[in-house]
1. Mind giving me the FRET efficiency for H245 and R388? R0 is 45 Å, r the Cβ-Cβ distance, nearest 0.05 is fine.
2. Please check which bits of segment 784-805 a label hung off H838 would reach, taking the label as a point 7 Å along Cα-to-C-beta and the cut-off as backbone N under 13 Å.
3. I need the trypsin sites (Lys or Arg not before Pro) found in segment 334-411, filtered to DSSP loop residues with at most 15 other beta carbons within 10 Å of theirs.
4. Once both labels are modelled 7 Å past Cα along the beta-carbon direction, what's the A655-F423 spacing in nm?
5. Search the structure for amide H atoms under 5 Å from the amide H of V516, placed 1.01 Å from N in the peptide plane, and list their residues when 5 or more places away or on another chain.
6. Rounded to whole Hz and in sequence order, give me ³J(HN,Hα) for segment 382-394 from the Karplus expression 6.51 cos²θ - 1.76 cosθ + 1.60, θ = phi - 60°, writing x for Gly and Pro.
7. Would you calculate the convex hull of the Cα atoms in segment 113-263 and tell me its volume per residue in Å³?
8. For the chain, what relative contact order do you get, as a whole percent, if you take Cα pairs closer than 8 Å and at least 6 residues apart?
Amino acid sequence: MRASESMRKWIAIAGLGLAAAAAGAAGERPMEHVKEYPGIKNVTLEMSIKPFKSLDDAYITATCEELFRQWDPLTRHADGVSVLLWTSDGSEILVYKGDLDDEMEWARYIGGANSDIEVGSGPEHLSLHQRAFLYMDNPPTVTYGDLKRIVATLRRVGAEVTGKPVRVGATFDPGPEFARSRFKYELHPEVCLGNTMGKGTMVCSYSVLKGDTESYAGYPDGIPDNTPFGTFFGRQCQQFLTDLHFDYIWLSNGFGFGLETWGCTGAVFDGERFETAQLPPLREKILDFWRLFRAECPEFLIETRGTNLSTGMDLAADGVPQREIYTGGFNMVPPPNSPWAALDGDFGLELVGYMSHMAEIPGEDYPFRYYTHDPWWLNSPWLDRYGREPHDIYLPMSVARIDGQGAVRLPTSILFLTVDNSFGELPVEVPNEVIPHILRGRADSPDQPGPVVWIYPFDEYHDMTFGAAPRVEEVLFGDWFMRQAVNNGFPVNTVVSTRNFLTSRQTRPGLYAESVLVSIVPDAGTGLEAALLDTVRAGGRVLLYGPLEHAGDALLDLLDVELGEPADGDFAVELAFNLDTLDAADWPTYLRHRPLTGGGGLRAVRRGTAAEVLASATQDGANRVIAAARALDQWQGGRLAWVRGVNTNYYHKGARLLPNDDPKAWFRGELLMRFALDGFGYRLAVDKRVPEQRNPLVCVARRDNGFFFSGYSPDTTVTQRFRFPQGAPVLLGHETWLDNGESAYTMPRAWHRECRVFVDGQHHGLVSCRELSPGHYGVLRRFDVTGLEDATVRFYPDTSRDVANVRIAVNSHYPYHKGRVECVQGDPALGTHYVVEHVTGRVNIAW
């Protein structure tokens, strides 16, 4: 059977759900774990070939057996298993001649393999990016035939150990990191148009090859002059993947998605200006790569790493037509979350990029990826960069997309980069420690929209970029602004594209009733504008961000503003309120707005007093509104808010990302997004000593009617205060001092907590929520809430169980016969919950 046919069969089996199918065939009920961790079609174990330190068959088999045994506690819950081999840097594909006896260059190094300094030599002070070492003495010589044996053994042993179908994938990386590449840097440096790791270091997918007389599997007589790289690479992949029996190809580090896939600049944006005339030809060049590749390699599945950035950032900087790539029929899987937050701590960028890439997808499947080890650069993120803290598990696993039918969709594949470390070891402690968090994150992943839903402008951003009058400065601004809003505690982890929002609100009325909808300012006369205004007038909650230049008159009237002359530069900022507190410093009173990265100048001028001004900026006596809100009685509780967005980002030559203004000197304009949520009843406030302390990130996922908080505290001395429309959230397993009706927590680096209890009406006191043993037959769980003083308690029952089985007792002790009270349903506007009023003492809740 050809590799492509095997792949299709594997996908078909996975899609049907192998575990359930097998159980049914045996006449047995599926295991309960299928219900607990549903929809995991695939687990991918990425690895280098370093663990195969000997190439005799017995050693290869034993290594494969150990690999699959280590990860069985997770793979047993999946329909299938994949192994993605980081054999070399992809050059083994480029130089493949079709002879399995040929030796191949492979990734046997620690450090930068293409350094000019001889491997293992040079002064001691040189870093790994300046020279490389062999990972072991006398590493084995590997032929293509050896690699084929490894692939076959992985597939055979994996099926034997796991009982699942096993795929094996090959990788292509455009850069210089993993293995020495004569093809990239000696034979054909003309394909290295990208400068991500230095000038001429990264292969560009739309480059063109000069002719040569070398022999290749696809070109036995050499490459003809002016051959597109996509044509050459596709033909080589077809030969290589078929001959070695691989099932799919992985395109690494943004390959296929533009020129500069790690940075804020590119072929369109150079940090100082936008070359919009380049947009149409760039779009065609990028799409041509995919078309040409598929003409030569038509069937093998393509999985992608994508860039480190977001859809909007890639459009504005590099002209990447993500929409057309997704809809081009290229049989490809969208990118997972970027692993770069492990390196730079920019989890806002990771989450915003992830949501922007999944808002629309080609098909129904998308992946989640976690960075356990690095087989090249002498770090194992779980053990060192993350410090064994699972924030980069729980934060991205709280994210979900909503499709056009209103269904909440979770990732169907879970990937691990990688299972081996830089020395080719497979430390069992890592899967032992990581897997429980992965399973808990999956069990608590959302099944309904979160408190904040981001309507991502996937189509709008493409139209703004490639339209007759490009608006790329708005596109660049939007996602960089949201990145910093999330980094400063804006709690968004549900995404829906505009297209899917417009259909899902029709197919499932009430789907977003418990959520604040977040959107760019819609253009006048669009379906999005009509839907958002209808939502507000019907009692819904909408928070808009961005410039108002293309807003309709109705929206401007509601915000009670008009457009003045664009203003930029330095402004004195005035806030209606500041949720956050400082103990040892004052807040900056000025902000800086740059039209290049800020979507143009500030233009909103207050027209009257109908709307509430949340924040304004003044320069030379001229005032600009930068945040406003409006609520009318006839809106049945509906509320509209708008934040202009003042980016603290600016371009600095040589920096991969846009740096941020000094928080000691300049007010962070992105904070206004979190502050604006207060008007909708969601207060997420921060107490710290000085403004330069980093703010915590928070995501809130809704699962089985509960609230699952996940957080990352870059500064563990910072305190967070919460209040929701339901009251103060009392996190399970925690105590909290209520102060002015808010719960307060000083959290560790990473945290993940369930919340089903909210306390309202009590302004002060020490309150706790603990889980007790069930204590009675027929009871699955029991909570004990203490420290209440004339409080209203709202409890959100687990809707995966029988909610009629809920039992509530006030000031009762084991065996809880006394104090039983009637379960009274609360206000439907606050969701499905029970309410107990005027409680002093404790409440015991069982179900």
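1. About 0.75, to the nearest 0.05.
2. Counting only backbone N, you get 790-792.
3. Values: sites: R369, R385, R388, R401, R409; in loops: R385, R388.
Of the trypsin sites (Lys or Arg not before Pro), the ones in loops of segment 334-411 whose Cβ has at most 15 other Cβ atoms within 10 Å are R388.
4. 3.8
5. Placed amide hydrogens put V452, V453 under 5 Å from V516.
6. Calculated HN-Hα couplings, in order: 4, 7, 10, 4, 7, x, 6, 9, x, 4, 7, 9, 6 Hz.
7. On the way: hull volume 23.5 nm³, N = 151.
Here the figure is 156 Å³ per residue.
8. Working: 2056 pairs, mean separation 72.5, N = 847.
That works out to 9 percent.
The values are calculated or read from the model by the stated rules, or taken from the named source; none is laboratory data. Note that the structure is predicted; figures quoted are calculated from it, not measured. Virtual Cβ from ideal backbone geometry, glycine too; neighbours counted across all protein chains shown. All accessible areas refer to the heavy atoms of the entire protein, side chains included, with ligands and DNA or RNA removed. Shrake-Rupley method; radii C 1.70, N 1.55, O 1.52, S 1.80 Å.
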